[in-house]
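Where a number appears in this text, it was derived from the coordinates with a stated rule and is not lab data. As the structure is a computational prediction, the values presented were derived from the model and not from experiment. Don't worry about glycine lacking a Cβ; one is built from the backbone with ideal geometry, like all the others, and counts go over all protein chains shown.
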Amino acid sequence: MPYMLGVYKVKEDKKRVIEGVVHVDGTSRVQLVSSKTNQKFHQLIKEFHHCSNIPMITNTSFNKAGEPIVESPADAVNSFIDMGLDALICGDFIITKK
């Protein structure tokens, strides 16, 4: 399980690279993921870093505006279809649209 460390100032030269996670005050909430406690999530972050040169991913609630947070794989697939997302990772599966 990721654990919250706190809120930190984002370096000026990184703000444009990760602008989706930078608050208006220039800070970001940071969570660390350990390979010991969440090996799959840690590996996902490593692979994303390898592909993008960005060593982090956004961890956010998964719900459509005005809807409750996704609670099941069926909810996840329905939200994925409705929300215009590029891909959905659910367990060991990666789902994409044609």
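Can you work out the FRET efficiency for the pair Ile89 and Arg29, with r the C-beta to C-beta distance and R0 = 30 Å, to the nearest 0.05?
Working: r = 21 Å, r/R0 = 0.71.
Approximately 0.90, to the nearest 0.05.
Relative to the longest principal axis of the C-alpha atoms of the chain, give the angle of the C-alpha long axis of helix 39-52, reported between 0 and 90° and rounded to the nearest 10°.
70
Using 0.36 nm times the number of residues separating Thr96 and Val77, minus their current alpha carbon distance, what extension gain do you get?
Numbers: separation 19, 0.36 × 19 = 6.84 nm, distance 1.04 nm.
The Thr96-Val77 span can extend by a further 5.8 nm.
I want to make sure I understand the PRE zone here: with the label point 7 angstrom from the Cα of Ala65 toward its beta carbon, which residues in the stretch 25-40 have backbone N atoms less than 20 Å away?
none
Which label belongs to the value computed from this structure, given these candidates for Kirkwood radius over Cα pairs in Å: (1) 12.8; (2) 15.4; (3) 13.6?
Computing Kirkwood radius over Cα pairs in Å and matching it to (1) 12.8; (2) 15.4; (3) 13.6 gives (2).
Do the sum for the chain: with -39,500 (n - 2.57) for every DSSP H run of n ≥ 4, divided by all residues, what is the mean residue ellipticity at 222 nm, to the nearest 500 deg cm²/dmol?
Calculated at 222 nm, the ellipticity per residue is -8000 deg cm²/dmol.
To the nearest 20 debye, what charge dipole does the chain have about its Cα centre, counting +1 at the Cβ of each Lys and Arg and -1 at the Cβ of each Asp and Glu? Display every interim value, and only then the final one.
Details: 12 positive and 11 negative charges, 76 e Å.
Charge dipole of the chain: 360 debye, to the nearest 20.
Out of Val21, Val77, Val33, any idea which swings most in a Gaussian network model of the chain, alpha carbons joined below 10 Å?
Val77
If neighbour count is taken as other Cβ atoms inside 10 Å, put Leu44, Leu88 in order from fewest to most. All intermediate terms of the calculation are to be shown ahead of the outcome.
Numbers: Leu44 14, Leu88 19.
Sorted ascending by nearby Cβ count, the order is Leu44, Leu88.
List His50, His42 from most exposed to least, where exposure is judged by having the fewest other Cβ atoms within 10 Å.
Neighbour counts put them in this order, fewest first: His50, His42.
Summing +1 for each Lys or Arg and -1 for each Asp or Glu, what net charge is found among the other residues whose Cβ lies under 13 Å from the Cβ of Val7?
+1
Can you pull the one-decimal nm distance between simple spin-label points at Lys36 and Tyr8, each 7 Å off the Cα toward Cβ?
About 1.9 nm, to one decimal.
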